[in-house]
1. Test Ala286 against the criterion of being surrounded by 21 or more Cβ atoms within 10 Å (Cβ to Cβ) and either farther than 21 Å from Gln41 by Cα or of a type in the set (D, E, K, R) (or both), and give yes or no.
2. Could you list all residues from the stretch 111-143 that are aliphatic (A, V, I, L, M) and touching a strand residue (DSSP E or B) at 6+ places or on another chain (Cβ under 7 Å)?
3. Can you tell me which residue within the stretch 47-75, out of those that are touching an Asp or Glu at 6+ places or on another chain (Cβ under 7 Å) and within 22 Å of Val352 (Cα to Cα), is surrounded by the most Cβ atoms within 10 Å (Cβ to Cβ)?
4. So, of the residues in the stretch 134-152 that are surrounded by fewer than 15 Cβ atoms within 10 Å (Cβ to Cβ) and more than 19 Å from Arg204 (Cα to Cα), which turns out to be nearest to the ligand (Cβ to nearest atom)?
5. If you take the residues in the stretch 326-358 that are aromatic (Phe, Trp, Tyr) and surrounded by 19 or more Cβ atoms within 10 Å (Cβ to Cβ), which one is farthest from the ligand (Cβ to nearest atom)?
6. Can you list the helices (runs of 4 or more DSSP H) found entirely within the stretch 260-358 that contain at least 1 residues being of a type in the set (Gly, Ala, Ser)?
7. Of all residues in the stretch 76-93, count the ones that are crowded, with 16+ Cβ neighbours inside 10 Å and in contact (Cβ under 8 Å) with a residue 60 or more places away in the chain.
8. Tell me whether the stretch 126-133 contains one or more residues that are loosely packed, with under 15 Cβ neighbours inside 10 Å and within 12 Å of the ligand (Cβ to nearest atom).
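The values are calculated or read from the model by the stated rules, or taken from the named source; none is laboratory data. On a predicted model such as this, the values are computed, not experimentally measured, just so you know. We place every Cβ from the backbone using ideal geometry, glycine too, and count neighbours over all the protein chains shown.
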Amino acid sequence: MKYFKLFLLPLLLAACTATQPTYRERLTKAAETNHPIFSHQDDVCYGTDWDRLQLPLTGDESESCVKKLTGSFPQMMGFELGGVEQLWERNLDSVPFDLIRQEARRQVERGGIVTISFHPRNVLTLNDSWDPTPCLSLGLQPGTPQHDTLNVYLDRMAAFVASLTDSEGRPLPLVIRLWHECTGDWFWWGKASCTPDEYRTLWRMTHDRIEAAIEGGERLYVYSPDKLEAYEATELGALQEMIDWYPGDDIVDIIGTDFYHFGAEDGEENYLYRAHRQLTACTTLARERGKLVCIAETGNEGIPTDRWFTRVLLPLCHEYPIAYVHVWRNALTIPGHFYLPYPGHKNADDFVEFTKQL
Ligand code: BMA
């Protein structure tokens, strides 16, 4: 009996302390085995013809755009925090922050991965993120009202991130994508509105603010520029632009990029050109710095392109060491603004096939 107990004890202890693999381990495995994890924005919040946006929250099982097509929840899903800096009850796309808290927890409980993004308002004009009026030089200068505003915005965001916990109050693991598409000219943190130095300072400030607000837990940070065309359109130039804005090895875990397919078959050549240029730059930089690679945001709005998922997106996912591929939201209130098919859509079967082959 004594020997039996001695033998069993370590086993019992191991079983009790057995933990899920970390996000880093899972994403690394996905990249190494060339089976990227699929991710969808706002997957369990609403779709083109359904929504869960009413308060109060119900205890009902979540619905999901992906589950409606494939029968299972996506392994990864994204939530947006824009509006939390205004202390709004709902984000800029009308998703209640309480719903985000609930659904992020459920996703982790079912073994899934959660990613978050943040589109706060311009700290000078107070218009939305898409107002590129330069505001960072003031925002980063202590003593200015814009600096106070920026600090308040970051504190409120960090406090919300800290409130994403499991049922025992432990911080949820998160993939945090900060200040994306900096090489585009449409956001106030983009290349038309600030310098790479200012951008990097903002990134570090935000990263540090979140880390200061949370003890323990796993957080991976994603850097994801958009088009790379500041230098002559060569592979080397693209890589240089990605390096110019790079926030730093110590605060970035995943190097990704955003690129969209505009139009149907006519836009295919342009999409693939950009995809290859940007993913080549990501892969080169990530290899040098020991980072993971992802497709941080993509999609073909309305999916007019025949068999877009298996024919256009899938080969890209397999040609590069992609850890995850994130497809944008299926808006409820903007007709035609959707990136996953709904049941009955001409590309619905193609998406199901894509998830099998991914
Ligand atoms: C954009 C669009 C907008 C949305 C924003 C933030 O790409 O989907 O409608 O408000 O993302 O989620």
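1. Numbers: surrounded by 21 or more Cβ atoms within 10 Å (Cβ to Cβ): yes; either farther than 21 Å from Gln41 by Cα or of a type in the set (D, E, K, R) (or both): yes.
It is true that Ala286 is surrounded by 21 or more Cβ atoms within 10 Å (Cβ to Cβ) and either farther than 21 Å from Gln41 by Cα or of a type in the set (D, E, K, R) (or both).
2. Ile113, Val114, Ile116, listed by residue number.
3. That would be Cys65.
4. Filtering the stretch 134-152 down to residues surrounded by fewer than 15 Cβ atoms within 10 Å (Cβ to Cβ) leaves 137, 141-143, 145, 148, 152.
Applying the additional criterion that residues be more than 19 Å from Arg204 (Cα to Cα) yields 143, 145.
Working: Gly143: 32, Pro145: 26 Å.
Looking at residues that are surrounded by fewer than 15 Cβ atoms within 10 Å (Cβ to Cβ) and more than 19 Å from Arg204 (Cα to Cα), I get Pro145.
5. First, the residues of the stretch 326-358 that are aromatic (Phe, Trp, Tyr): 328, 338-339, 342, 351, 354.
Of the ones still in play, those that are also surrounded by 19 or more Cβ atoms within 10 Å (Cβ to Cβ) are 328, 338-339, 351, 354.
Values: Trp328: 6, Phe338: 10, Tyr339: 9, Phe351: 19, Phe354: 21 Å.
Applying the filter and picking the extreme gives Phe354.
6. Details: elements: 268-289, 314-319, 348-357.
By residue number, 268-289, 348-357.
7. Let us first name the residues in the stretch 76-93 that are crowded, with 16+ Cβ neighbours inside 10 Å, namely 76-85, 90-93.
Applying the additional criterion that residues be in contact (Cβ under 8 Å) with a residue 60 or more places away in the chain yields 76, 78, 81, 84-85, 93.
Total meeting the criteria: 6.
8. If we filter the stretch 126-133 for residues that are loosely packed, with under 15 Cβ neighbours inside 10 Å, which is where we start, we get 126-127, 130, 133.
From the residues that got through so far, the ones that are within 12 Å of the ligand (Cβ to nearest atom) too are 130.
Yes - at least one qualifying residue is present in the stretch 126-133.
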